[in-house]
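What follows is a single structure, written as structure tokens, with notes after it.
The values are calculated or read from the model by the stated rules, or taken from the named source; none is laboratory data. Please read these numbers as outputs of a predicted model, since none were measured by experiment. Here the Cβ positions follow ideal geometry from the backbone for every residue, glycine too, while neighbour counts run over all protein chains shown. Please note that ligands, DNA and RNA were not included when accessible areas were found on the heavy atoms of the full protein model with its side chains. Shrake-Rupley method; radii C 1.70, N 1.55, O 1.52, S 1.80 Å.
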Amino acid sequence: MINAASNIFAPSTENIAAAAAVIREGGLIAFPTETVYGLGADATNDRAVASIFEAKDRPRFNPLIVHFASSSEAGNAAAFDARAHRLAGAFWPGALTLVLERRSASAISLLVSAGLETLAVRVPAHPVAQALLAAAKRPIAAPSANRAGEVSPTSADHVSASLAGSPEMILDGGPCPVGIESTVLDLTTPRAVILRPGGITRDEIEGVIGPTGPANAAPGGATEGVKSPGMLARHYAPDRPLRLDAGEVGRTEALLAFGPHAITGGAAEMNLSPSADLTEAAANLFAMLRALDRPDISAIAVMPIPETGLGVAINDRLRRATQSALAGPAAKG
Ligand code: TXA
Ligand code: MG
């Protein structure tokens with residue numbers, strides 16, 4: 001049942017029950033969500049939450065998303081207004097994270113929000129995440145299951161390559177269907193603000209609650225006054241530099257293509273979506289960045305991606321990775 005040689009497990013009922021027991025005992029589990037893999041701990045246990053930061057080498061000021069089995073459970077921890085109720089009804093379970101005022105009676109560890117008076121909450125759709133939450137009977141705090149500064153994992157192997165044995169178990173749910181992190185939406189201001197573009201688009205959100213405020217991204221990577229520290233430029237980064245909007249590829253470069261094209265001559269090529277489908281491109285993005293991040297490649301040349309729908313989140317991640325490479329390895333977390 002439990003293979004001692006590896007901490008990767010099939011998501012059988014038994015293994016999910018074992019993982020839920022690890023969570024209740026204060027341990028760490030990596031599990032699939034529809035967006036990316038999460039590194040989860042009992043959100044009500046301060047020590048367990050602290051061990052997430054330790055495993056990731058994450059700066060303490062970066063707060064975590066808390067995952068719940070249902071919106072009513074999320075509503076016990078954070079105060080939902082009318083917009084939050086409408087958004088939860090439209091997009092949960094799914095790739096949307098809501099930043100709300102924390103309820104003072106909430107049992108969620110204060111360390112989760114790293115000093116903020118708000119809580120980021122989400123109900124994930126992935127059946128393995130749902131089963132784990134149901135079995136653990138605890139809200140689960142979970143950042144993406146990678147070391148700080150690396151791209152988010154979209155497969156169990158990515159988690160294993162990044163964090164090795166620090167989660168007691170990695171539940172293998174196959175590749176993540178969305179492949180890009182959840183949209184983080186701040187509802188603590190009269191006009192909602194997208195802090196991080198992600199799997200649910202601005203248009204989809206505005207279709208439910210009307211206009212959102214301007215994004216307050218800090219592409220320069222300033223740490224002070226950044227509402228969502230995950231917006232820091234250096235957060236998403238392969239080691240190889242990225243070259244965006246590429247119309248050709250150098251001999252030692254890898255081409256990360258999008259859609260049909262006639263570009264030839266690089267050292268390697270992968271196509272985010274041969275049919276120019278943004279949903280497919282999002283699902284492939286992190287796996288392909290990892291696959292092309294090889295010592296024999298001088299840079300990754302990325303073809304232009306349209307700035308519409310999920311393309312906004314894809315381009316956001318690509319621009320951050322570019323900033324990070326420009327800033328040099330010392331800037332990486
Ligand atoms: O898709 C996802 O969101 C994945 C899966 C595992 O759920 N999780 C994820 O977590 O990407 P992480 O920790 O890598 O990114 C969480 C983002 C960060 O940008 C963080 O700063 C922001 O959410 N965040 C968390 N709590 C916040 C809060 N109270 N206020 C503002 N931003 C917050
Ligand atoms: Mg992350």
(1) closer than 27 Å to R191 by Cβ; (2) in contact (Cβ under 8 Å) with a residue 40 or more places away in the chain; (3) of a type outside the set (G, A, S) all hold for F80 apart from (2)
Exception for A114 within (1) buried (at least 20 other Cβ atoms within 10 Å of the Cβ); (2) within 16 Å of ligand 2 (Cβ to nearest atom); (3) of a type in the set (G, A, S) falls at (1)
Residues of the stretch 119-130 being among the aliphatic types (A, V, I, L, M), part of a helix (DSSP H, G or I) and surrounded by fewer than 20 Cβ atoms within 10 Å (Cβ to Cβ), in sequence order, are none
Margin query: Residue under question is E54, and the condition is that it be open to solvent by 50 Å² or more (accessible area, probe 1.4 Å) and more than 16 Å from ligand 1 (Cβ to nearest atom); does it hold?
Written below: no
The lone condition I170 fails out of (1) part of a loop (DSSP other than H, G, I, E, B); (2) at negative phi is (1)
Practice task
Could you tell me whether the stretch 164-181 includes any residue that is β-branched (V, I, T) and either within 16 Å of ligand 2 (Cβ to nearest atom) or open to solvent by 30 Å² or more (accessible area, probe 1.4 Å) (or both)?
Solution key: yes
**Asked** Right, R196: within 13 Å of ligand 2 (Cβ to nearest atom), touching a Leu at 6+ places or on another chain (Cβ under 7 Å) and open to solvent by 10 Å² or more (accessible area, probe 1.4 Å) or not?
**Response** no
In the stretch 173-198, anything over 18 Å from A321 (Cβ atoms), in a loop (DSSP other than H, G, I, E, B) and in contact (Cβ under 8 Å) with a residue 12 or more places away in the chain is listed as G173, G174, P175, C176, P177, V178, S182, L187, T188, T189, R191, A192
